[in-house]
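Data first, discussion second: the structure below is written as structure tokens.
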Amino acid sequence: MAKPPPVRPTGVGGNPPSARVGPYGAPGSLLARIETAHDGDIIYRVTAIILVGPSPTLADARAAHRYMLWSAATLARRAGRATFTLYGEQANPNFRAHADRLAAQVGVPNSGRIPRAMTGGHPDYAVTLDAVKVLA
């Protein structure tokens, strides 16, 4: 029997969902959205995420991130896709390590790639996650 859908957390809205939790760039913040690419692939695009440090919105940001992963996996399955992409914009080493851990646990291990480099900034970073494993 499938798990019931999680409760939509504070700061998440829309269809497809987007998240805006906490003050931008501060601990306990998430700015993200789910997109469908031209080829039909589902992309969970993270513009900013800080899930460490003292903050009254830390639990909300973590819950929103988990919900967005669940939503992307659900949308991928509905679209007949086995996988979806977790894409971090200007991803620092901490995000890249987090994405690689997720890919090792519920995705395609060693799928990390730099789709776009930034001059003077961190490169974008993407991993492939398995929709069924994320939903399990």
Open item on the list: Quick test of your reading of the structure: Arg101 fulfils all but one of (1) within 13 Å of the chain's Cα centre (by Cα); (2) assigned to a loop (DSSP other than H, G, I, E, B); (3) without any contact (Cβ under 8 Å) to a residue 12 or more places away in the chain. Name the failing condition by number.
Closed with: (2)
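A quick yes/no check of all residues on (1) among the charged types (D, E, K, R); (2) in a loop (DSSP other than H, G, I, E, B); (3) free of Cβ contacts under 8 Å to residues at least 24 places away in the same chain:
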residue: Ala19; (1), (2), (3): no, no, no
residue: Ala26; (1), (2), (3): no, yes, no
residue: Asp39; (1), (2), (3): yes, yes, yes
residue: Pro54; (1), (2), (3): no, yes, no
residue: Ala73; (1), (2), (3): no, no, no
- [ ] Collect the residues in the range 56-71 that are without any contact (Cβ under 8 Å) to a residue 24 or more places away in the chain and over 18 Å from Gly13 (Cα atoms), keeping them in residue-number order.
- [x] none
Task: From Arg96, Arg45, Arg77, Arg66, residue being in a helix (DSSP H, G or I), in contact with a Phe, Trp or Tyr (Cβ under 7 Å, 6 or more places away or on another chain) and either modelled with pLDDT of 95 or more or surrounded by 20 or more Cβ atoms within 10 Å (Cβ to Cβ) (or both) - done: Arg96
Task: Checking Tyr44 against (1) touching a helix residue (DSSP H, G or I) at 6+ places or on another chain (Cβ under 8 Å); (2) more than 24 Å from Gly13 (Cα to Cα); (3) hydroxyl-bearing (Ser, Thr, Tyr), the condition it does not meet - done: (2)
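The values are calculated or read from the model by the stated rules, or taken from the named source; none is laboratory data. Since we're looking at a predicted model, the values are computed, not measured. Ideal geometry is used to build each Cβ from the backbone, glycine not excepted, and the neighbour counts take in all protein chains shown.
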